[in-house]
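J.: Starting off with a structure, shown below.
The values are calculated or read from the model by the stated rules, or taken from the named source; none is laboratory data. Owing to the predicted nature of the structure, the values given are computational and were not obtained by experimental measurement. For neighbour counting, all protein chains shown are included, and Cβ atoms are generated from backbone atoms with ideal geometry for every residue, glycine included. Surface accessibility is based on the protein's heavy atoms, side chains included, excluding ligands, DNA and RNA. Shrake-Rupley method; radii C 1.70, N 1.55, O 1.52, S 1.80 Å.
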Amino acid sequence: MVSLKSADLNAPRRQAIDAMKASLSPEQWARNAAFVAELRREISAHPVSRHPAIDILNRGVLDHDAMRLIHLEYRHAIVQIFTDALLAAQMQSRQLEPRLAPASKMAGRFLLTLNVLDEFGFRPGKDAEGYYRGNPACAHYPLFEAVLDDYGVSAEDRATFRPTAIATEVRSFLEDAYGSYVDVSALLAVAEEEVILFSPPLRRATGALGLGVDDGYYYVHGVSDDDTAEAADDDHEDDLWFILTQAITEDQFDHVRRISLEYCDLWVRFWDEQLVLAGAAETSVA
């Protein structure tokens with residue numbers, strides 16, 4: 001039994017990953033890890049990773065109306081539901097039991113919580129009273145809403161916005177996975193990859209219009225390589241792949257590969273549609 005007085009509280013991510021590894025035999029972990037590594041290679045080579053929208057956004061050539069619409073579409077497709085999906089994964093980690101030892105679900109929940117804490121507006125460290133630091137105004141969803149404020153999107157505009165069919169399809173694909181720990185974890189990992197791919201271009205395109213990107217949402221997204229910012233997208237993506245490595249079984253490999261690549265295909269169609277709506281359509285990567 002671990003002593004609460006002597007437990008190592010440093011390097012919490014490493015502690016959780018080690019605990020997940022220990023929940024499987026070395027052979028099971030190695031087999032699952034090999035599958036996940038190959039899946040990640042396939043995703044990194046998927047056409048979405050070189051979609052023409054990335055270059056167009058990076059060049060800052062889209063006008064205010066186009067970027068306003070893209071942000072509304074992106075909001076519907078992923079921003080509004082991202083924490084819902086994280087919480088669904090938290091809940092469905094119970095599916096690890098009784099297949100694995102009692103409490104095996106907690107290490108995955110621990111890693112998911114690190115993601116949730118960032119998403120909800122907590123910050124590392126203690127406040128003046130020795131309690132957790134944070135503010136719900138710093139949660140990523142309201143920070144994105146503030147970007148819409150900057151774009152001049154009114155409350156009525158948001159309430160009456162009708163997303164495209166593909167934006168709704170992207171959203172529904174993730175929502176439909178909420179009942180399966182393996183499925184929602186895999187799709188969340190893919191979603192994090194999409195955030196890493198497209199947040200920096202969205203940030204540059206927004207900045208090119210003279211809107212502030214040095215604080216708020218684009219201070220925590222789109223700047224993972226900036227040590228002065230507060231983005232942790234890369235860590236969160238890695239954590240979700242570790243979560244999948246613990247959760248998946250060999251009979252699920254083909255299914256998880258299929259839904260992960262299908263989700264990437266949907267994102268390609270999403271960005272194709274955004275370029276059409278923006279009047280900047282180029283030949284999309286087939």
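J.: Quick one: which of 133, 171 is in a strand (DSSP E or B) and not hydrophobic (A, V, I, L, M, F, W, C)?
T.: 133
J.: Taking the stretch 197-218 as the region of interest, how many residues are under 28 Å from residue 108 (Cβ atoms) and either open to solvent by 40 Å² or more (accessible area, probe 1.4 Å) or of a type in the set (D, E, K, R) (or both)? Break it down into steps so the answer makes sense when it comes.
T.: Taking the stretch 197-218 first, the residues under 28 Å from residue 108 (Cβ atoms) are 197-199, 217.
Next, from what is left, pick out any that are either open to solvent by 40 Å² or more (accessible area, probe 1.4 Å) or of a type in the set (D, E, K, R) (or both): none.
Final tally of qualifying residues: 0.
J.: Could I ask something else about it? When you go through (1) farther than 25 Å from residue 211 by Cα; (2) among the small types (Gly, Ala, Ser); (3) surrounded by 19 or more Cβ atoms within 10 Å (Cβ to Cβ) one by one for residue 77, which number turns out not to apply?
T.: With respect to (1) farther than 25 Å from residue 211 by Cα; (2) among the small types (Gly, Ala, Ser); (3) surrounded by 19 or more Cβ atoms within 10 Å (Cβ to Cβ), residue 77 is out only on (1).
Yes/no matrix, rows are residues, columns are (1) surrounded by 18 or more Cβ atoms within 10 Å (Cβ to Cβ); (2) over 30 Å from residue 277 (Cβ atoms); (3) of a type outside the set (Asp, Glu); (4) more than 18 Å from the chain's Cα centre (by Cα):
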site	(1), (2), (3), (4)
86	yes, no, yes, no
94	no, yes, yes, yes
106	no, yes, yes, yes
115	yes, yes, yes, no
120	no, yes, yes, no
139	yes, no, yes, no
181	yes, yes, yes, no
184	yes, no, yes, no
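J.: Quick one: which residue in 239, 235, 251 is farther than 25 Å from residue 163 by Cβ and without any contact (Cβ under 8 Å) to a residue 24 or more places away in the chain? So that I can check it myself, show each step before the final result.
T.: Numbers: 239 fails: without any contact (Cβ under 8 Å) to a residue 24 or more places away in the chain; 235 fails: without any contact (Cβ under 8 Å) to a residue 24 or more places away in the chain.
Going through 239, 235, 251 in turn, just one is farther than 25 Å from residue 163 by Cβ and without any contact (Cβ under 8 Å) to a residue 24 or more places away in the chain: 251.
J.: Read through the list (1) open to solvent by less than 60 Å² (accessible area, probe 1.4 Å); (2) closer than 19 Å to residue 201 by Cβ; (3) in a helix (DSSP H, G or I), then give the number of the only condition that residue 60 fails.
T.: The failed condition is (3).
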